[in-house]
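**Q** One structure is given below, represented as structure tokens, and several questions about it will come after.
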Amino acid sequence: MNVLVIDIGGTHVKVLATSQDVHREFASGPALTPRRMVSEVRKGVKDWKYDAVSIGYPGPVLQNRPVSEPWNLGKGWCGFNFARAFNRPVKVVNDAAMQALGSYQRGKMLFLGLGTGLGSALIADGIVEPMELGHLPYRKSTFEDYVGIRGLEKYGKKKWRRYVADVVKRLVAAIEPDEVVLGGGNVNKLKELPSGCRVGDNANAFVGGFRLWDKAAVGKNSAAANRRSKQLTRSRVGLGEATRTSV
């Protein structure tokens with residue numbers, strides 16, 4: 001089965017399909033509606049063959065559909081029929097859960113995505129539990145107000161790094177995972193990793209998207225995606241420019 005994986009972020013939408021070596025992307029933002037996203041993706045990958053679609057959505061997902069509108073994108077995501085729009089079977093999961101699934105190795109793993117906000121997911125013995133830890137109260141606001149992009153811009157790198165270390169410490173004490181994977185676009189702004197953490201490559205979102213569909217192909221797709229992850233930072237092609245999942 002050839003799978004098209006779509007990773008929707010606050011600044012870019014990235015896509016990759018089985019047997020492709022380089023991902024493609026286009027800008028997202030407040031004007032991006034689901035209809036426009038589908039149109040841009042279909043136009044940009046018209047030379048790719050795919051049988052199914054995985055979508056990583058930046059918000060909570062229930063029964064394969066978004067249940068709230070993303071604050072940093074356009075409107076209309078809740079209730080949108082992605083399967084009809086792509087004319088393919090579609091699986092929609094929280095974006096942090098998809099990257100967590102691609103990063104998972106064993107045991108109980110907590111994934112935290114340091115990006116626009118704070119993405120989070122827990123995997124225990126192969127079962128993915130998307131979480132919304134970023135909205136929990138912290139100091140005078142919430143976790144993601146301190147360790148998301150707003151916190152980075154407001155407090156600067158030095159204080160932001162301290163807040164990241166403190167948030168990770170608190171969540172580890174509460175959840176007691178075997179390991180913590182830190183991902184997201186801002187993870188490379190950390191000088192050093194908190195104890196017990198490892199960095200998860202953002203390309204693991206594609207691995208997670210493949211894993212949603214075909215367990216038998218996990219090894220093949222994961223190996224290919226790992227090769228691609230080394231290319232992602234230098235090879236970018238522009239396009240016109242809460243459900244449980246088992247591993």
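**Q** State the number of residues belonging to segment 92-108 that are in a strand (DSSP E or B) and crowded, with 22+ Cβ neighbours inside 10 Å. Outline the logic, then answer.
**A** Step one: filter segment 92-108 for residues in a strand (DSSP E or B), giving 92-94, 108.
With crowded, with 22+ Cβ neighbours inside 10 Å added as a condition, the list becomes 92-94.
Counting residues in segment 92-108 that are in a strand (DSSP E or B) and crowded, with 22+ Cβ neighbours inside 10 Å gives 3.
**Q** Kindly list the number of the only condition in (1) small (Gly, Ala, Ser); (2) within 20 Å of the chain's Cα centre (by Cα); (3) over 15 Å from Asn72 (Cα atoms) that fails for Gly29.
**A** The single condition Gly29 does not satisfy is (3).
**Q** Out of everything in segment 1-55 that is in contact with a Gly (Cβ under 8 Å, 6 or more places away or on another chain), of a type in the set (Gly, Ala, Ser) and over 21 Å from Ala96 (Cβ atoms), what residue ends up being surrounded by the most Cβ atoms within 10 Å (Cβ to Cβ)?
**A** Gly44
**Q** Considering only residues of segment 77-88 that are part of a loop (DSSP other than H, G, I, E, B) and more than 20 Å from the chain's Cα centre (by Cα), which is farthest from Val3 (Cα to Cα)? Spell out how you get there, then give the answer.
**A** Step one: filter segment 77-88 for residues part of a loop (DSSP other than H, G, I, E, B), giving 77-81, 87-88.
Next, from what is left, pick out any that are more than 20 Å from the chain's Cα centre (by Cα): 79, 81, 87-88.
Working: Gly79: 23, Asn81: 18, Asn87: 13, Arg88: 10 Å.
So, considering only residues that are part of a loop (DSSP other than H, G, I, E, B) and more than 20 Å from the chain's Cα centre (by Cα), the one farthest from Val3 (Cα to Cα) is Gly79.
**Q** In addition: Those residues that are crowded, with 22+ Cβ neighbours inside 10 Å and modelled with pLDDT of 95 or more, I need them from segment 134-147; list them, please.
**A** Selection gives Phe143, Tyr146, Val147.
**Q** Output the residues belonging to segment 109-151 that are touching a helix residue (DSSP H, G or I) at 6+ places or on another chain (Cβ under 7 Å), assigned to a strand (DSSP E or B) and of a type in the set (Ser, Thr, Tyr).
**A** Ser120, Tyr138, Thr142
**Q** Related question: Just name the residue that is nearest to Gly183 (Cα to Cα) out of those in segment 148-162 that are crowded, with 19+ Cβ neighbours inside 10 Å and out of contact with any strand residue (DSSP E or B) (no Cβ under 7 Å at 6 or more places or on another chain). Let's see the steps before the verdict.
**A** Step one: filter segment 148-162 for residues crowded, with 19+ Cβ neighbours inside 10 Å, giving 148-149, 151-152, 160.
Now drop any that are not out of contact with any strand residue (DSSP E or B) (no Cβ under 7 Å at 6 or more places or on another chain), which leaves 149, 151-152, 160.
Numbers: Ile149: 14, Gly151: 17, Leu152: 15, Trp160: 15 Å.
Applying the filter and picking the extreme gives Ile149.
**Q** Additional query: Collect the residues in segment 109-126 that are touching a strand residue (DSSP E or B) at 6+ places or on another chain (Cβ under 6 Å), modelled with pLDDT under 95 and either over 18 Å from Val199 (Cβ atoms) or surrounded by fewer than 24 Cβ atoms within 10 Å (Cβ to Cβ) (or both), keeping them in residue-number order.
**A** Ala124, Gly126
The values are calculated or read from the model by the stated rules, or taken from the named source; none is laboratory data. Bear in mind the structure is a predicted one, so any value in this text is a computation, not a measurement. Note: ideal-geometry Cβ built from the backbone for every residue, glycine included; neighbour counts use all protein chains shown.
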